[in-house]
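*Asks:* Can you read through this structure? Questions will come right after.
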Amino acid sequence: MLREAIRLHCLMLVKTNLGWYLREGVISVVAGKKIEAAYNEAVWRVLSNTNDWLDAFDLPMHQHIHAPIARDYVTYSGHPKYGDIHVAGKLY
């Protein structure tokens, strides 16, 4: 997983500075045209392991990190106290 994240980061840097890399002759035009596809593939590889990333960082499943409106839209919108996050019920 770490290798995939590093690859994604490196491709993002190359993609962001592609003009400089091409101008300085660090990479060829042909290679430059392949960066977007390689970047998209790297994003997909990292995103396909999202749950593993969350487990690796031991992030808590805390209901306050999600918007209450995402839990029960009808109940939350029908309640006059919009700041009361407990109105929408439990997330998990």
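The values are calculated or read from the model by the stated rules, or taken from the named source; none is laboratory data. Owing to the predicted nature of the structure, the values given are computational and were not obtained by experimental measurement. Here Cβ is always computed from backbone atoms with ideal geometry, including for glycine, and neighbour counts include all displayed protein chains.
*Asks:* Which residues, taken from the range 1-40, are exposed (fewer than 14 other Cβ atoms within 10 Å of the Cβ) and within 14 Å of the chain's Cα centre (by Cα)?
*Replies:* Within the range 1-40, His9, Asn40 qualify.
*Asks:* Could you say whether any residue in the range 53-75 is in a helix (DSSP H, G or I), loosely packed, with under 14 Cβ neighbours inside 10 Å and at pLDDT 80 or above?
*Replies:* Yes, the range 53-75 contains a residue that is in a helix (DSSP H, G or I), loosely packed, with under 14 Cβ neighbours inside 10 Å and at pLDDT 80 or above.
*Asks:* Let me ask something else about it. List the pairs whose first member sits in the range 19-46 and is under 17 Å from Leu2 (Cα atoms) and not assigned by TED's automatic domain parsing to the domain that holds His9, whose second member is at pLDDT below 95 and assigned to a loop (DSSP other than H, G, I, E, B), and whose Cβ atoms are under 7 Å apart, counting only residues at least 6 apart or on separate chains?
*Replies:* No pair meets every condition.
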